[in-house]
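Participant: One structure, pasted below without further comment.
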Amino acid sequence: MGQVHEIKETRSDVEFLVNNQYTGEKTVVVVDQDKQSLFLDKSIFREQPEACPFLRYNPVDRKSYCTVHRTRPEICRDYGCWRVLILNTAGLRAGRIMYQRTFVSEDADLTRLWMECVDPLDEPDDKLWEARVTRILINTGYSVRK
């Protein structure tokens, strides 16, 4: 998304006017209050120079975060990228795992399950971690698409 979004104007330390370089759509975004300290760390751009200007990686929990998630542009809301898609018992999208281990969901039950059973997993090998997460999800009634 770094090639899509360009910061056109810095309005404050946490508020920006972003331009979608393909559509010309302009959006005011604000860094989420709980991610402001993370936003200050720009080290992600050493390894991923074309990353979205608001993406940050937290080495403590080994997750990536959209630091403007609450006010993100519409294209980001519609973007369906995932590493693992999580479906509920009705077959509807309940959440997804993106990038390395970034979890996104608006489903309260799935979020609670994630916090209780997945967050505590201490598995450094990504493939083994994904296999364990998949088993947890399937054993609790969810299905996954990879």
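The values are calculated or read from the model by the stated rules, or taken from the named source; none is laboratory data. As the structure is a computational prediction, the values presented were derived from the model and not from experiment. All Cβ positions, glycine included, derive from the backbone under ideal geometry; neighbour counts span all protein chains shown.
Participant: If you check residue 122 against the conditions, is it surrounded by fewer than 13 Cβ atoms within 10 Å (Cβ to Cβ), over 18 Å from residue 34 (Cβ atoms) and of a type in the set (Asp, Glu)?
Facilitator: yes
Participant: So, one more: From 32, 41, which residue is under 20 Å from residue 9 (Cα atoms) and either free of Cβ contacts under 8 Å to residues at least 12 places away in the same chain or in contact with a Ser or Thr (Cβ under 7 Å, 6 or more places away or on another chain) (or both)?
Facilitator: 32
Participant: Which count do you get for residues in the range 20-66 that are in contact with an Asp or Glu (Cβ under 7 Å, 6 or more places away or on another chain) and buried (at least 18 other Cβ atoms within 10 Å of the Cβ)?
Facilitator: Final tally of qualifying residues: 1.
Participant: Scanning the range 73-129 for residues that are at pLDDT below 90 and of a type in the set (Phe, Trp, Tyr), which turns out nearest to residue 48 (Cα to Cα)?
Facilitator: 99
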